[in-house]
1. How do the pairs read when you match residues in the stretch 31-49 that are in contact (Cβ under 8 Å) with a residue 40 or more places away in the chain and farther than 12 Å from Val98 by Cβ with residues anywhere that are in a strand (DSSP E or B) and of a type in the set (D, E, K, R), using Cβ under 8 Å and keeping only pairs 6 or more apart or on different chains?
2. Any chance the stretch 51-59 includes a residue that's of a type outside the set (S, T, N, Q), open to solvent by 20 Å² or more (accessible area, probe 1.4 Å) and at pLDDT 80 or above?
3. Take the conditions among the acidic types (Asp, Glu), open to solvent by 10 Å² or more (accessible area, probe 1.4 Å) and at pLDDT 85 or above and apply them to Glu127. Does it pass?
Amino acid sequence: GRVIGEVRRISYNLRALAVDDYGLPVALEVLCKEFETVYKVNTRLHVDSSAGELHDEQLDIALYRVAQGALSNVAKHAAATSVHVTVTRSDHSVVLSVEDDGRGFDTAALHKRRDVYSGLGLIGIRERSQMLGGTFSITSRPEQGTRVQVQIPYAHAKQEGSD
């Protein structure tokens, strides 16, 4: 197991570089293909052409990590047969959503627990999106699949770099 862990860690770091070198759409494509191969879950990716052109490194990496976290969640919990990753752009923000057709869960029950996101490895996702002034939401129903969505304003990320 140690070797696999090491390989995973290295590939994890490589992926982040893929974002720097090739931009978000390509990095996500690699991520989704790899996910599909490893977990045998049919994975579709749709990136709005306009959403792929932001080239805001901090934002791209955050979105990439969110996708990564959400997918690893699907692998661990969802027992899904397919997952759909989309990146779209609204007026001042980018929305990334990862939607699976897995077993889902009762979000109301989840919210009653204090460690609401920790069991799902989603704390990092929430913190990442909030750090960039974004919002994070997860919607799910038993047997209806789950959708993890983050919305991050990019105007805010841009201004920080310019002063």
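1. Once the first residue is in contact (Cβ under 8 Å) with a residue 40 or more places away in the chain and farther than 12 Å from Val98 by Cβ and sits in the stretch 31-49, its partners that are in a strand (DSSP E or B) and of a type in the set (D, E, K, R) give Asp48/Arg89.
2. Just the residues of the stretch 51-59 that are of a type outside the set (S, T, N, Q), to begin with: 51-57, 59.
From the residues that got through so far, the ones that are open to solvent by 20 Å² or more (accessible area, probe 1.4 Å) too are 53-55, 57.
Within this subset, residues satisfying the condition of being at pLDDT 80 or above are none.
No, every residue in the stretch 51-59 fails to be of a type outside the set (S, T, N, Q), open to solvent by 20 Å² or more (accessible area, probe 1.4 Å) and at pLDDT 80 or above.
3. Values: among the acidic types (Asp, Glu): yes; open to solvent by 10 Å² or more (accessible area, probe 1.4 Å): yes; at pLDDT 85 or above: no.
The answer is no for Glu127.
The values are calculated or read from the model by the stated rules, or taken from the named source; none is laboratory data. Predicted, not measured: the structure shown is a model, and the values here were computed from it. Cβ atoms come from the backbone with ideal geometry, glycine included; neighbour counts cover every protein chain shown. Only protein heavy atoms, including side chains, enter the accessible area calculation; ligands, DNA and RNA are left aside. Shrake-Rupley method; radii C 1.70, N 1.55, O 1.52, S 1.80 Å.
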